[in-house]
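To start, the structure itself, in structure tokens.
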Amino acid sequence: MMRRLLFIPYLIWIVLFVVAPLGLMVGYSFFDISGNPTLANYGAFFSSEYFEMTLSSFWYAFLITLFSLLISYPLALAIRQTKHKMFWLLLIILPTWINLLLKTYAFIGMFGKEGLVNAVATALGFAEQQLLFSDIAFIIVSVYIFIPFMLLPIFNAVDGIENNLLSAARDLGASKWDVLMRVLMPLSLPGIKTGIQIVFIPSLSLFMITRLITGNKVITLGTAIEQQFLTTENWGMGSTIGVFLILAMMLVMTVTSGRNKETGRVGRL
Amino acid sequence: MKSTVSMILAAVGIGALILFGTRFVNPVPNEEGNVLHVYNWGEYIDPDLLAKFEEETGIRVIYETFDSNEAMKVKVNQGGTNYDVVFPSEYMVEKMVVEDLLMPLDHEQIPNMKNIGDNFLDQPFDPGNTYSLPYFWGTVGVLYHPETTEGLDFSDWDTLWDDRLENDILMVDGAREVMGVGLNSMGHSLNETNEEVLQEAEEKLEALGPNVRGIVGDEIAAMMEVNEAKAAVVWSGMAQDIMWENEALDFTVPEGGSNLWFDTMVIPRTAQNVEGAHQFMNFLLDPENGAQNTEWVGYATPNEAAYQLLDKEIRQDERFYPDQEQQEELEVYRNLGPEMISLYNELFLRFKMALE
């Protein structure tokens, strides 16, 4: 009885804040700018421009996810070995307590022509770099922002692996590489998948960072959504792009969630 | 079981406490008639004037700020707010009128209206100034670093396409403004609705791509202050603010047309203190108050009487008070309707995507 009662607030929450908005968004996507029902938004989405934008969004999201993973995985393994795991973890997570925009603005200062990076580069005798407004800068900032989100699930996964297993593998003659590839990797796979899910989807629609760091030279689906809702006030088209983002999310979820039923305590945030 | 119940009780208790607490954080004024809610852009009024107004009228001013017309409209629109005086830009006035968000002004309660220059009254966005009165005005032009751009003459829009500016121009993130650069440089109207012409303008803009360092919002100010780029396409008001911080820069409005924009004063339908709102507008339009405010804000005032009280140096600065001849080339943005605005934005998006 009590259980059912406790379920009610959750149900209300889900209906109000998940089902209703989703329904509204799908609904809006079938209306044009003057409120007439139409399928034209979907037609427009498959026009060359939005298609190109989708491709470039996916490409950047892929790069961001890849680099976050490449940095986070070894980092998680390293933290696992340390004495004060929680302390090191906290250090990495600490920046997430600072507002995203604030961090982005800090990067503008660092990457600018007269910023810190150039000051160091010229002091070391390198040529002045035009880092701000480049796609490299975009990837650096995004990866920096997403690392904690990638690191946490992976760390949880690798931390849950018993040292005995690793010792056993070594005793049975596995090389370090084998231990990594055949023991650690498979056991931490759920964490990696969760990390990818958490990083990939939001990075498809990073519109503030594209504007602040790349001066709109990198365009993501988020930029298009923002413009449709705020300046054009074409909610239909904005919603249509939103629908495709959700479809993309479902795709990523399906791809990354196959066969990890057997996981116990690993892979959770 | 018991612990769950006490948990829920605790949660409800904390929630109630916080709700109660908000009463102290943001005191809800209920002395009607004595309070005026003003909703304006940040740093857009001399705070001393607010104090003076309170002293003169006994009305307490509650002053809030916004940073974009769109955000402002959402807040006025969604209810729950009761701002008495709001300061939208001209294109937003037109939208708000269409959506019936504004209250007609009682011109008799604003005798100082006579101080406003004729050029700035009765504009197409609000014929007869039924709903709005101009507060400040300005143009769109080029802010540039005269030393690093030596030899370039920005009195022509086409100069922006010069090879020497490669990767060195910042632009404001606005479809009308950026498309406007293309249109103005080709001698077309800023309110062009011919699709072919608009396509051509966008194509011409794509050729500007290599020179564009970035398209950013208000961050342009901070970036130009540290010379992140040699030139920037900005609103005159913003240029003025930046030039106070970075004296090496100069500003010019290229010939061949530019935008004439207004920030205006309006009264939303939801206003509670309509009389106070009129009083406030009248107060700001007083010649001396207007001059004081203009000196503080630094934008160009449409208030003729206040203008005459300004320093000669400011009055004769043609960068911010263009002469009659150039003023005639300026165009106010018309509301072109949702389809056209969509097209402008689509083309703007295409231009952004062509940037490398």
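The values are calculated or read from the model by the stated rules, or taken from the named source; none is laboratory data. Keep in mind that this is a model prediction, so the values were computed, not measured. As a convention, Cβ positions derive from the backbone with ideal geometry for all residues, glycine included, and neighbour counts pool all protein chains shown. Surface areas here come from the heavy atoms of the whole protein model, side chains and all, with no ligands, DNA or RNA. Shrake-Rupley method; radii C 1.70, N 1.55, O 1.52, S 1.80 Å.
How tilted is helix B:195-208 with respect to the longest principal axis of chain B? Cα atoms for both, answer in degrees (0 to 90, nearest 10).
Result, in degrees: 80.
How large is ³J(HN,Hα) for each residue in segment B:180-190, as worked out from phi by the Karplus curve 6.51 cos²θ - 1.76 cosθ + 1.60 (θ = phi - 60°), to whole Hz, x for Gly and Pro?
x, 4, x, 5, 4, 5, 9, x, 9, 6, 6
Can you give me the long-range amide H partners of B:Arg60? Hydrogens built in the peptide plane at 1.01 Å from N, cutoff under 5 Å, separation of 5 or more residues or another chain.
Counting only residues 5 or more places away or on other chains, the set is B:Val35, B:Leu36.
Is any residue of segment B:294-330 close enough, with backbone N under 19 Å, to a label point placed 7 angstrom from the Cα of B:Glu288 along the Cα-Cβ axis, and if so, which?
Under cut-off, by backbone N: B:294-297, B:303-312.
Rounding to the nearest 10 and keeping the result within 0 to 90°, find how far the Cα-based axis of helix B:287-297 lies from the longest principal axis of chain B.
Compared with the principal axis, the helix lies near 70 degrees.
Specify the inter-centroid distance of segment A:158-218 and segment A:78-97, based on alpha-carbon positions, in whole Å.
Centre-to-centre distance over Cα atoms comes out at 16 Å.
For B:Gln123, which sequence-distant residues (separation of 5 or more, or a different chain) have an amide H within less than 5 Å of its own amide H, given hydrogens modelled in the peptide plane?
Counting only residues 5 or more places away or on other chains, the set is B:Gly128, B:Asn129.
How high is the relative contact order of segment B:77-164? Use alpha-carbon pairs under 8 Å, at least six apart in sequence, and give a whole percent.
Details: 34 pairs, mean separation 20.7, N = 88.
That works out to 24 percent.
In whole percent, what relative contact order does segment B:217-356 give with Cα contacts below 8 Å and a gap of six or more residues?
With pairs under 8 Å counted, the relative contact order is 25 percent.
What whole number of Å gives the distance from the Cα centroid of segment A:6-20 to the Cα centroid of segment A:230-260?
So the two Cα centres are separated by 21 Å.
From the phi of every residue in segment B:37-53, what ³J(HN,Hα) in whole Hz does the Karplus formula 6.51 cos²θ - 1.76 cosθ + 1.60 yield, where θ is phi - 60° and glycine or proline is x?
Result, ordered by residue: 8, 10, 10, 9, 5, x, 6, 10, 7, 6, x, 4, 5, 4, 4, 4, 4 Hz.
What is the percent carbon and sulfur in the accessible area of chain B, measuring with a 1.4 Å probe over the protein chains and ignoring ligands?
Of the solvent-accessible surface of chain B, carbon and sulfur hold 49 percent.
Whenever you get a sec, line up B:Val35, B:Val98 from highest to lowest accessible area (probe 1.4 Å, protein heavy atoms).
Reading off the accessible areas and sorting them downward yields B:Val98, B:Val35.
Roughly what % antiparallel, to the nearest 5, for the DSSP beta bridges in the protein assembly as shown? Write down the numbers at each step before the final one.
Details: 21 of 40 bridges.
So the antiparallel bridges in the protein assembly as shown amount to around 50 percent.
³J(HN,Hα) across segment A:229-243 via Karplus (A = 6.51, B = -1.76, C = 1.60, θ = phi - 60°), whole Hz, x for Gly/Pro?
Residue by residue, segment A:229-243 yields 7, 8, 8, 7, 6, 9, 5, x, 5, x, 5, 4, 4, x, 4 Hz.
Let me know the charge dipole size of chain A about its Cα centre in debye, to the nearest 20, where only the beta-carbon of Lys, Arg (+1) and Asp, Glu (-1) is charged.
The dipole of chain A has a size of about 1080 debye.
Can you tell me how much longer the chain between B:Ser6 and B:Met340 gets when fully stretched, taken as 0.36 nm per residue apart minus their C-alpha distance, in nm with one decimal? Please list the in-between numbers first.
Working: separation 334, 0.36 × 334 = 120.24 nm, distance 5.90 nm.
Taking B:Ser6 through B:Met340 to full extension adds about 114.3 nm, to one decimal.
Taking the Cα centre of the protein assembly as shown as origin, sum charge times position over the Cβ atoms of Lys and Arg (+1) and Asp and Glu (-1), and report the length of that vector in debye to the nearest 20. Provide the component values of the computation, followed by the final result.
On the way: 37 positive and 79 negative charges, 1232 e Å.
Dipole of the protein assembly as shown, to the nearest 20 debye: 5920 debye.
Pairs of alpha-carbon atoms within less than 8 angstrom and 6+ residues apart define the contacts here; what relative contact order does chain B have, in percent?
Taking the mean separation of contacting Cα pairs over the length of chain B, I get 26 percent.
So if I place +1 on the C-beta of Lys and Arg and -1 on the C-beta of Asp and Glu, and nothing else carries charge, what would the dipole magnitude of segment B:277-327 be about its Cα centre? I want it in debye, nearest 20.
140
Can you give me the solvent accessible area of A:Arg170 with a 1.4 Å probe, rounded to the nearest 10 Å²?
So the heavy atoms of A:Arg170 present about 120 Å² to solvent.
Keeping all protein chains in the complex and leaving out DNA, RNA and ligands, what accessible area do you get for A:Met249 with a 1.4 Å probe, in Å² to the nearest 10?
The value for A:Met249 is about 70 Å².
Using modelled amide H (1.01 Å from N, peptide plane; none on Pro or chain starts), what sits under 5 Å from the amide H of B:Glu255, excluding residues fewer than 5 places away?
Correct list: B:Asp156, B:Trp157.
Given a 1.4 Å probe and the protein chains all in place, what does the accessible area of B:Tyr83 round to, in Å² to the nearest 10?
10
Among the listed pairs A:Lys103/B:Lys352; B:Lys52/B:Lys95; A:Lys103/A:Lys193; A:Lys103/A:Lys217; A:Lys83/A:Lys193, give every one whose C-alpha distance is greater than 29 Å.
Pairs exceeding the cut-off: B:Lys52/B:Lys95.
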